[in-house]
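Everything on this sheet refers to the single structure shown next.
The values are calculated or read from the model by the stated rules, or taken from the named source; none is laboratory data. Quantities reported herein were computed from a predicted structural model and do not represent experimental measurements. Glycine also receives a Cβ, built like all others from the backbone with ideal geometry; neighbour counts cover every protein chain displayed.
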Amino acid sequence: MTATSDITTPTAPTTHQGILGWVTEIAELTQPDSIHWCTGSDEEWEQLTSALVATGTFTRLNPEIKPNSFHAASDPTDVARVEDRTYICSVDEKDCGPTNNWMDPEKMKDLMRGLYAGCMKGRTMYVIPFVMGHLDAEKPMFGIEITDSAYVTVSMRVMARMGTDVLRKIEEIGEDVQWVPALHSVGKPLAEGEADVAWPCNDTKYIVQFPEERMIWSFGSGYGGNALLGKKCYALRIASVMARDEGWMAEHMLILKLTSPQGVTKYVAAAFPSACGKTNLAMLQPTIPGWKVEAIGDDIAWMRIGEDGRLWAVNPEFGFFGVAPGTNEHTNPNAMATINKGNSVFTNVALTPDGDVWWEGLENMPAAATSWKGEPWTPESTELSSHANSRYCTPIKQCDMLAAEYDDPRGVPIDAILFGGRRKTTIPLVTEARDWTHGTFMGATLSSETTAAAVGAVGVVRRDPMAMLPFIGYNAGDYFGHWINMGKDNDESKMPKIFYVNWFRRSDDGDFLWPGFGENSRVLKWVIERLEGTAAAVETPIGHVPAPGSLDIEGLDMTPEAIAAALAVDPEEWKAEIPQITEWFEKFGDDLPAVLWTELDTLKERLGA
Ligand code: GTP
Ligand code: SPV
Ligand code: MN
């Protein structure tokens with residue numbers, strides 16, 4: 001093997017000493033066979049995807065159906081985020097708070113250096129210069145991901161702006177520019193002559209954030225949120241810490257633009273936990289006449305106070321990494337149109353005999369297919385064809401209903417924030433908060449059933465504050481304080497109004513009470529009319545809900561009883577929430593902002609609990 005000093009400096013396409021130094025240090029530690037500095041070019045994509053086909057990681061899809069697109073199947077143990085292996089290694093344990101795993105940063109580094117030592121033997125090390133958000137943002141948010149996975153490299157090219165332009169911009173700004181070092185390895189070195197497997201990974205996994213150093217170390221997994229480090233690790237965990245320090249917000253939110261039949265435009269951000277409907281709402285096809293939705297983002301929003309005192313949001317990502325099952329022409333025609341243009345990677349879905357992909361919920365069920373596990377599958381099979389957390393990875397620019405504002409580095413001024421979760425009971429279809437602090441209380445107590453997006457039990461109700469439980473890079477008590485302060489330190493009248501929605505309430509028979517998807521436009525309409533002061537609401541102990549007749553239900557195939565059940569506020573159900581919320585708040589001790597206890601007292605009083 002070439003000496004590491006030879007394989008970095010002479011061939012490296014940069015003079016940036018900070019980056020060169022780090023790449024050299026990591027190459028010496030991990031011992032790759034070669035180093036590839038990513039340009040982001042089409043030729044590079046061709047070369048990497050062809051190599052992935054050759055090694056069996058990718059299957060090229062039928063170009064007449066999905067041009068330039070690929071199927072990948074992961075190791076069956078590497079299918080989702082691993083929350084119990086995810087750490088916030090703050091210097092002081094208290095700073096990670098009661099909701100994160102912690103280890104002393106130096107101890108963690110020692111441990112992981114042991115894992116990283118020689119871990120890229122037999123592999124290529126890819127160096128990916130990337131930027132989250134716009135390259136021409138006032139302060140571009142740079143990162144360098146080092147990975148030994150070509151799958152990760154091509155996925156990063158879809159999900160983030162990356163390549164030579166980014167590296168040039170970093171060099172132009174100079175050595176002082178801030179960039180986040182993000183190290184990733186699948187953790188499977190190859191011995192001399194050893195054949196690779198289609199999906200290398202390691203049973204030992206660590207997804208580690210060092211918040212003070214703004215640094216990420218990930219080991220053992222190739223799955224999206226564990227391995228595409230610009231996404232959850234940087235744009236949420238590390239960015240949430242930057243945002244706290246600098247007075248802005250990094251949130252697990254979609255961003256959409258809504259235009260009424262009168263041509264009035266509003267911008268809505270919405271925080272729903274993983275696999276709880278952000279992508280679907282961001283690309284909504286309204287069922288009510290004359291209304292139009294355009295997408296801006298489907299997963300992450302960075303929000304700053306603008307010169308006008310309003311809260312402006314950008315989507316830092318460049319692609320969609322969406323849940324495949326359930327996506328179809330009815331639930332999300334815009335996602336279907338986007339992925340059908342090609343240039344996409346599909347992971348852990350089924351492969352059909354004509355070289356297309358299929359998943360549960362998609363139209364045109366094939367008579368036979370190969371399941372995500374590589375086994376023969378038919379409609380009679382007892383196992384699912386696709387993993388419940390199978391995903392499509394597709395360029396955002398292919399989305400025809402992407403709002404033009406996506407390309408504006410200033411972003412869009414947010415008019416309303418929605419919180420939402422997956423709850424069978426209790427939470428009504430829509431509730432409006434009384435004010436910012438009450439809205440923060442709604443977010444801080446948000447609860448949802450767990451989904452397949454993270455390894456572990458599915459369907460268990462847990463508190464998932466602001467849909468950020470797995471993504472807050474510091475003490476969640478301080479995070480609530482930061483939310484409160486964003487309202488207090490700024491002109492609250494200019495801040496977005498906050499709402500709480502639940503598309504997932506069920507009848508006693510277990511059926512969804514609300515049809516959801518395109519019909520959610522009715523709820524958006526009510527939200528907009530509340531902002532404009534034209535829709536009526538009734539005050540309840542938990543906030544304002546639609547007054548009878550104020551929700552547009554024209555043409556909706558639902559009985560008045562079903563609508564009433566979806567909107568109902570049942571004091572008994574809410575009283576049962578009180579001890580759970582109390583227990584949740586007690587976790588944070590003195591770190592919980594006192595006003596949240598006051599909000600809970602107010603709720604109890606209003607409920608007569
Ligand atoms: P992440 O990418 O994991 O952060 O998730 P997301 O919030 O973008 O989730 P997504 O929109 O992909 O939602 C996935 C699941 O929610 C699928 O099973 C959808 O069918 C379901 N879903 C989305 N919207 C609705 C809705 O309005 N009603 C119902 N019943 N299900 C919905
Ligand atoms: C989520 O789990 O919230 C996702 C998918 O958006 S991943 O990027 O893999 O975390
Ligand atoms: Mn997400």
(request) From A301, A324, grab the single residue that is within 16 Å of ligand 3 (Cβ to nearest atom) and more than 18 Å from R161 (Cα to Cα). (result) A324
(request) Answer yes or no as to whether G473 is touching a helix residue (DSSP H, G or I) at 6+ places or on another chain (Cβ under 9 Å), among the small types (G, A, S) and closer than 23 Å to L258 by Cβ. (result) no
(request) Give the residue that is farthest from ligand 2 (Cβ to nearest atom), with candidates limited to residues of the stretch 431-446 that are closer than 18 Å to A301 by Cβ and not aliphatic (A, V, I, L, M). (result) W436
(request) Those residues that are touching a Phe, Trp or Tyr at 6+ places or on another chain (Cβ under 8 Å), of a type in the set (S, T, N, Q) and modelled with pLDDT of 95 or more, I need them from the stretch 1-36; list them, please. (result) T30
(message) If a residue counts only when it is farther than 25 Å from P273 by Cβ, which strands (runs of 3 or more DSSP E) contained entirely in the stretch 489-556 have at least 2 such residues?
(response) 537-540
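To keep it simple, each residue is scored yes or no on (1) under 25 Å from W436 (Cβ atoms); (2) touching a residue at least 12 places away in the same chain (Cβ under 8 Å).
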residue: E539; (1), (2): yes, no
residue: P546; (1), (2): yes, yes
residue: I553; (1), (2): no, yes
residue: M558; (1), (2): no, yes
residue: A562; (1), (2): no, yes
residue: V569; (1), (2): yes, yes
residue: W574; (1), (2): yes, yes
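If we scan the stretch 261-277, do we find a residue that is aromatic (F, W, Y), within 26 Å of Y87 (Cβ to Cβ) and assigned by the TED database to the domain that holds L311?
Yes, some residue in the stretch 261-277 is aromatic (F, W, Y), within 26 Å of Y87 (Cβ to Cβ) and assigned by the TED database to the domain that holds L311.
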(request) Run down M159, M242 and say which single residue is in the same structural domain as G118 (by the TED database) and either away from ligand 1 (no atom under 16 Å from the Cβ) or in contact (Cβ under 8 Å) with a residue 60 or more places away in the chain (or both). (result) M159
(request) May I ask you to list the residues in the stretch 395-425 that are under 20 Å from A566 (Cα atoms) and either within 16 Å of ligand 2 (Cβ to nearest atom) or charged (D, E, K, R) (or both)? (result) F419, G420, G421, R422, R423, K424
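I'd like the residue in the stretch 309-318 that is of a type outside the set (A, V, I, L, M, F, W, C) and away from ligand 3 (no atom under 13 Å from the Cβ) and, out of all such residues, is farthest from the chain's Cα centre (by Cα).
Applying the filter and picking the extreme gives G309.
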(message) Can you pull out every residue in the stretch 428-454 that is in a loop (DSSP other than H, G, I, E, B) and under 15 Å from P273 (Cα atoms)?
(response) T445, L446, T450, T451, A452, A453
(request) Go over the candidates V152, V177, V197 one by one and state the one that is under 24 Å from G473 (Cβ atoms), more than 15 Å from ligand 2 (Cβ to nearest atom) and among the β-branched types (V, I, T). (result) V177
(request) Looking only at the stretch 342-354, decide whether some residue is over 29 Å from the mean Cα position of the chain (by Cα), crowded, with 16+ Cβ neighbours inside 10 Å and either outside the structural domain of G222 (by the TED database) or closer than 30 Å to M401 by Cβ (or both). (result) no
(request) Provide a single number: the residues in the stretch 287-298 that are more than 18 Å from E405 (Cα to Cα) and within 13 Å of ligand 1 (Cβ to nearest atom). (result) 1
(message) Filter the stretch 250-291 down to the residues that are surrounded by 24 or more Cβ atoms within 10 Å (Cβ to Cβ) and more than 16 Å from ligand 3 (Cβ to nearest atom) and list them by number.
(response) V268, L284
(request) Would you tally the residues in the stretch 447-474 being within 14 Å of ligand 2 (Cβ to nearest atom) and buried (at least 23 other Cβ atoms within 10 Å of the Cβ)? (result) 7
(request) Scan (1) within 19 Å of the chain's Cα centre (by Cα); (2) over 22 Å from G439 (Cα atoms); (3) within 14 Å of ligand 1 (Cβ to nearest atom) for the single condition L254 breaks and write down its number. (result) (2)
(request) Look through R310, R214 and report the one residue that is in contact (Cβ under 8 Å) with a residue 12 or more places away in the chain and not assigned by the TED database to the domain that holds D557. (result) R214
(request) Test C393 against the stated conditions and say whether it is within 14 Å of S69 (Cα to Cα) and either under 19 Å from the mean Cα position of the chain (by Cα) or within 16 Å of ligand 1 (Cβ to nearest atom) (or both). (result) yes
(message) I need every pair where a residue in the stretch 167-180 that is closer than 15 Å to A137 by Cα has its Cβ under 6 Å from the Cβ of a residue that is aromatic (F, W, Y), sequence separation at least 6 or different chains.
(response) I170/F142; W179/F142
(message) Checking the condition surrounded by 24 or more Cβ atoms within 10 Å (Cβ to Cβ) and either within 14 Å of ligand 1 (Cβ to nearest atom) or modelled with pLDDT under 95 (or both), which residue from A301, A313 passes?
(response) A301
(request) Return only the number of the condition from (1) touching a Phe, Trp or Tyr at 6+ places or on another chain (Cβ under 8 Å); (2) more than 19 Å from L469 (Cβ to Cβ) that K232 does not satisfy. (result) (2)
(request) Could you tell me which of the residues G473, G439, G421, G459 is closer than 23 Å to W574 by Cα and touching a Pro at 6+ places or on another chain (Cβ under 7 Å)? (result) G421
(message) Could you go through the stretch 103-114 and let me know if any residue there is touching a helix residue (DSSP H, G or I) at 6+ places or on another chain (Cβ under 6 Å) and not basic (K, R).
(response) no
